[in-house]
Amino acid sequence: MKRAVFANRWLPILLLVPQVVIIGIFFYWPAIHALRSSFFLQDPFGFGETFVGIENYTSLFHLPAYGRAAMFTVSFTLLVTILSLSIALLFAVKADKVLRGAKTYRTLLMWVYAVAPPVAGVIGIILFNQSWGPLTDLFKFFGWDFALGVNYYDTAFAMVLIAVWKQIPVNFIFFLSGLQSIPKSVREAAMIDNRSASGRFWDVTFPLLAPTGFFLLITNITYSLFDTFGIIDTVVKGEPGNNPMTLVYKIYVDGFRGNDLGGSSAQSVILMVLVLAMTVVQFRLVERRIHYT
Amino acid sequence: MAQVTLSQISKVYPNGAKAVKPASFDIPDGEFVVLVGPSGCGKSSMLRMIAGLEDISTGDLHIGERRVNDLDPADRDIAMVFQNYALYPHMTVRKNIGYGLQNRKIAKAEINRKVAEASALLNLDDYLDRKPSQLSGGQRQRVAMGRAIVRDPELFLFDEPLSNLDAKLRNQMRIEIKALQRRLGVTAVYVTHDQVEAMTMADRIIVMNAGNIEQIGTPFEVYNRPATTFVASFMGAPPMNLMEGTITDGQVRIGDLVVAQNLDHPAGPVTVGIRPEDIIPDAAGQMKIEVSLVEELGAHRLLHGTLGGHPLSVYVSKDNEVRPGVLHVSLKQNAVSLFGKDTGARLS
């Protein structure tokens with residue numbers, strides 16, 4: 001990288017200030033605050049707090065609800081990431097072959113991206129409505145009595161479906177542009193070297209898409225963990241009960257619905273550490289195997 | 001190694017553009033054929049149809065005894081060298097060369113042996129475990145060649161393989177490719193827009209323009225007896241001088257000047273073509289050229305001037321000291337080519 005030289009030593013500091021202020025106010029300050037309050041037991045009505053050491057943490061591990069949310073989060077994240085990546089890749093590979101009307105096709109696929117997560121959730125609720133939802137009717141036709149918000153697995157199914165549907169367009173666009181950045185002649189050379197189209201895909205196209213795939217892997221995991229909050233909130237409709245929820249949503253429920261600020265802070269600290277560890281592992285392990293041209 | 005037969009091959013793109021108009025020719029076993037022409041002339045479409053990368057709109061293509069129109073590129077037993085080399089960036093040189101064999105169910109030991117053979121032939125031994133991004137342009141070119149020869153195909157296809165190299169390397173690779181093809185005896189079709197490459201490498205040249213084949217012939221024929229004014233102006237640097245003239249009373253004239261005798265053709269306007277090197281300075285010569293510019297080329301001098309108002313260039317050896325001004329010249333024997341004024345086709 002180029003080293004910039006400033007005549008005035010205050011100018012670079014001045015230029016950095018906005019970024020530092022934003023990170024400070026919106027990340028470090030709340031993070032430190034969360035860390036601190038995770039060691040306290042707050043009065044539900046805001047009349048003070050008691051230092052309880054690591055009790056907030058230890059009690060979490062004895063709560064079956066927390067373990068359940070953690071298990072759900074893991075499977076939800078895996079399912080959403082794997083499904084939305086693979087379906088989007090399939091769409092991109094197919095769209096890449098479309099010559100006529102390619103633009104219209106791509107635009108139509110992109111539209112879903114403009115739908116905000118809560119709106120996606122509401123659309124999902126409409127589709128899965130207990131009494132007149134078209135998808136519920138369809139499932140009933142096949143003998144599946146779909147019960148959103150009542151049956152744990154049905155609710156989880158709907159959440160995964162909506163989250164995947166919402167994420168496919170972004171992945172699709174990235175994969176498509178990744179595919180189109182592979183030189184045409186390299187693919188043609190592969191056509192001469194390998195008769196099998198699937199063989200060419202796994203030997204040549206897929207490795208060359210790996211940088212895009214790695215980037216999307218990280219953003220999709222982040223998406224499944226955090227950005228699905230709106231979807232989960234609308235699907236659960238503020239009635240957590242026995243419904244599945246992710247760790248992030250549980251932090252909100254415990255902290256703001258259950259007024260257990262200490263416990264919810266402890267959860268957010270755990271989540272922060274997990275995400276940090278995961279990011280390091282991803283970059284250390286996965287990136288090493290990827291060839292950047 | 002095989003003969004390649006094209007009969008009435010044409011290419012029409014979905015938008016109606018006729019890239020290649022129906023063309024027929026045979027390439028005998030082991031011949032090195034160069035398709036040459038300006039960009040957009042259809043030479044690449046022709047090559048890509050032979051490779052199977054483009055559908056053939058009409059006509060039949062045979063490689064050896066097989067009709068290959070409907071075969072996949074991988075089944076045509078061809079190997080192609082691309083303009084930008086088209087190496088697989090994530091594979092080592094060894095894997096790049098071996099990839100085509102690996103997909104043809106060839107035993108590992110056999111692949112290793114063939115890769116080693118090809119790399120020895122191309123001086124790539126030290127680079128087998130490198131990735132293409134760590135190689136120079138010339139080395140990448142060699143890897144692309146290796147990928148082609150290791151397969152031992154019936155037909156080599158080259159799509160402007162040297163145009164990304166610098167001039168010096170290009171000359172060297174030109175000789176290497178030609179020598180390699182000679183040694184292996186594999187039929188080759190080579191596409192280029194560079195007429196020097198075409199002249200130096202080809203057994204036979206096919207000159208194309210706007211989807212038409214203008215001429216098929218040996219480099220000597222194409223250069224000395226161009227079939228059309230297009231070929232005359234495209235092949236040769238500097239190109240053939242083309243001037244408007246007339247035939248009257250069996251004499252070919254440019255303006256008032258008689259440049260040749262011709263009794264075979266009816267009187268009327270013609271296009272007169274004279275190669276710049278066929279005009280020689282001659283104090284006793286009848287033709288007077290008004291030289292306006294002298295280009296110093298080292299071994300030669302290129303003179304630009306006019307003859308009776310027509311622009312013209314003359315190529316003289318370095319021994320001729322020429323200054324801008326009037327220069328008396330004469331023509332070598334049989335230096336004049338005649339073309340129909342409207343058709344552009346060669347007369348006689």
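The values are calculated or read from the model by the stated rules, or taken from the named source; none is laboratory data. Being a predicted model, the structure only gives us computed values, none of them experimental. Cβ atoms come from the backbone with ideal geometry, glycine included; neighbour counts cover every protein chain shown. Just so you know, the surface numbers come from the protein's heavy atoms only, side chains and all, with ligands and any DNA or RNA stripped out. Shrake-Rupley method; radii C 1.70, N 1.55, O 1.52, S 1.80 Å.
Its relative contact order, with pairs defined as Cα atoms under 8 Å and 6+ residues apart, puts chain A at 28 percent. Out of B:10, B:59, B:93, whose Cα points farthest toward the positive end of the dipole of segment B:9-95 (charges: +1 Lys, Arg; -1 Asp, Glu; placed on Cβ)? Farthest towards the positive pole: B:93. Hey, if you put +1 on the Cβ of every Lys and Arg and -1 on every Asp and Glu Cβ in chain A, which of A:42, A:206, A:248 ends up farthest toward the positive end of that dipole? It is A:206. Contact order for chain B, expressed relative to its length and based on alpha carbon pairs under 8 Å spaced 6+ residues apart, stands at 16 percent. When nucleic acids and ligands are ignored and a 1.4 Å probe is applied, residue A:166 ends up with an accessible area of around 10 Å². Take each peptide in B:155-162, A:28-35, A:117-124, B:270-277, count the other Cβ atoms within 10 Å of every residue, and average; sorted highest first, the result is B:155-162, B:270-277, A:117-124, A:28-35. Out of every Cα-Cα pair that segment B:143-222 contains, those further apart than 19 angstrom amount to 38 percent.
Note on chain A: Cα Rg divided by 2.2 N^0.38 Å, N the number of residues, gives 1.23. For residue B:208, the solvent-accessible surface computed with a 1.4 Å probe is close to 0 Å², ligands and nucleic acids excluded.
The mean number of partner chain beta-carbon atoms within 10 angstrom of a residue's beta-carbon across peptide B:83-91 is 6.
Per residue, what accessible area does segment B:24-102 have, given a 1.4 Å probe and all protein chains present, in Å²? Dividing the accessible area of segment B:24-102 by its residue count gives 33 Å².
In order along segment B:170-177, the phi-based Karplus estimate (6.51 cos²θ - 1.76 cosθ + 1.60, θ = phi - 60°) of 3J(HN,Hα) comes to 4, 4, 5, 5, 4, 5, 5, 5 Hz; Gly and Pro are listed as x.
When every Cα-Cα distance of chain B is counted in 20 angstrom steps from zero, the calculated P(r) takes the values 27, 47, 23, 3 percent.
If you look at the Cα atoms of segment B:54-99, you get an Rg and a Dmax of 14.1, 40 Å.
For chain B, the longest principal axis of the alpha carbon atoms and the long axis of helix B:108-121 meet at an angle near 30°. Taking the average, over residues, of other Cβ atoms within 10 Å as the packing measure, peptides B:241-250, A:39-48 rank B:241-250, A:39-48 from highest down. In segment B:21-67, the residues that give up 20 Å² or more of accessible area when the other protein chains are added, compared with the chain on its own (1.4 Å probe), are B:48, B:53. Can you tally the net charge around residue B:103? Count Lys and Arg as +1, Asp and Glu as -1, for every other residue whose Cβ sits under 10 Å from the Cβ of residue B:103. After counting each charged neighbour, the total is +2. Angle of helix B:137-149 to the longest C-alpha principal axis of chain B, folded into 0 to 90 degrees and rounded to 10: 70°.
Rolling a 1.4 angstrom probe over the protein heavy atoms, how many square angstrom per residue are accessible across chain A? Please list the in-between numbers first.
Working: 17400 Å² over 293 residues.
That works out to 59 Å² for each residue.
Note on segment B:195-329: the C-alpha convex hull projects to 9.5 nm² when averaged across all orientations.
Throw me the Rg/Rh for the protein assembly as shown, computed over C-alpha atoms with Kirkwood Rh, two decimals. Checking Rg against Rh, the ratio lands at 1.17.
Mind checking how much accessible area A and B bury in total, 1.4 Å probe, in Å² rounded to 100? Please list the in-between numbers first.
Values: alone 18360 and 16540 Å², together 33020 Å².
Accessible area lost upon association: around 1900 Å².
For segment A:171-293, the gyration tensor built on C-alpha atoms gives a prolate shape. Its axis ratio a/c (a ≥ b ≥ c) is at least 1.5, and a/b is the larger of a/b and b/c.
Across segment B:150-300, Cα pairs under 8 Å and at least six residues apart give a relative contact order of 13 percent. Solvent-accessible area of residue B:342, all protein chains in place: 150 Å² (probe radius 1.4 Å, heavy atoms, ligands and nucleic acids excluded).
Select from A:102, A:228, A:161 the residue farthest towards the positive end of the dipole of chain A; place +1 on Cβ of Lys and Arg, -1 on Cβ of Asp and Glu, and compute about the Cα centre. Result: A:102, furthest along the dipole toward the positive end. Per atom type, the protein assembly as shown shows carbon and sulfur on 60% of its accessible surface, probed at 1.4 Å.
Grab the Cα-Cα distance for residue B:342 and residue B:251, subtract it from 0.36 nm times how many residues apart they are, and report the gain in nm with one decimal. Can you show the working numbers first?
On the way: separation 91, 0.36 × 91 = 32.76 nm, distance 1.94 nm.
Taking 0.36 nm per residue and subtracting the Cα distance, the gain is 30.8 nm.
Accessible area per residue for segment B:238-340 is 52 Å², calculated with a 1.4 Å probe on protein heavy atoms, without ligands, DNA or RNA.
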